[in-house]
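Chemist: Can you keep this structure in mind? I'll have questions shortly.
Read-outs: derived from the displayed coordinates by stated rules, not from any lab. Values in this document were obtained by computation on a predicted structure and should not be read as measured data. Ideal geometry is used to build each Cβ from the backbone, glycine not excepted, and the neighbour counts take in all protein chains shown.
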Amino acid sequence: MSDLISPETKIQWDGTDGVVIGTLKKLDEWTEWGAPDGGHFFPVELDSQYEGMEITVEGVSTPEKTAAERLWILQADEAHTQRKKFTFKAEGEEIFTLDLSQAELSA
């Protein structure tokens, strides 16, 4: 997933809240993910402790995944997201919130 973010991109954590700092690269298209117009994306892989749990994410257009899927790809472009904060929940309990509003979107 390093083709999605620049090497200096990181998450600054403050408890269960994280702010993504750095540059998200622009992909011209990503048809296998359902983004034919491309965009800026941020990968999130949940720890194995969440395997088998129902995971939901507030702030994305498709908020649920099956229990076996731990990899999430967040699209940071305004037109494709409800907001720039994404709250991850496992079995209805909040795990963490990621804020992508400070991430730089490359041209």
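Chemist: Determine, for each peptide in 44-56, 6-18, the mean count of other beta carbons within 10 angstrom over its residues, then list the peptides with the highest first. Mind dumping the intermediate values first?
Modeler: On the way: 44-56: 13.8, 6-18: 11.8.
Those peptides, ordered most packed to least, come out 44-56, 6-18.
Chemist: Residue by residue through region 92-107, what is 3J(HN,Hα) from phi via Karplus (6.51 cos²θ - 1.76 cosθ + 1.60, θ = phi - 60°)? Round to whole Hz and write x for glycine and proline.
Modeler: x, 9, 5, 9, 6, 10, 10, 10, 9, 5, 9, 6, 8, 9, 5, 7
Chemist: Sequence-distant or interchain residues sharing an amide H contact under 5 Å with T9, placed H: which?
Modeler: It is T23, by chain and number.
Chemist: For L74, enumerate residues with amide H under 5 Å from its amide H, sequence gap 5+ or separate chain, H modeled in the peptide plane.
Modeler: Under 5 Å from the amide H of L74 lie the amide H atoms of F42, V44, each far enough along the sequence or on another chain.
Chemist: Related question: Within 13 Å, Cβ to Cβ, of S6, how many net charges do the neighbouring residues add up to if Lys/Arg are +1 and Asp/Glu are -1? Could the numbers behind the result be given before it?
Modeler: Values: positive: K10, K25, K26; negative: D3, E8, E104.
My count for the surroundings of S6 gives 0.
Chemist: Please list, in chain and number order, the residues 5+ apart from G38 or on another chain whose amide H is under 5 Å from its amide H, with Hs placed from the backbone.
Modeler: When sequence neighbours closer than 5 places are left aside, the close amide H contacts are W30.
Chemist: Right, another one. To make sure I understand the rule: partners must be aspartates and glutamates, Cα under 18 Å from the Cα of K85, and not fewer than 8 residues away in the same chain. Which ones qualify?
Modeler: The qualifying aspartates and glutamates are D14, D17, E45, E58, E64, D77, E93, E94, D99, E104.
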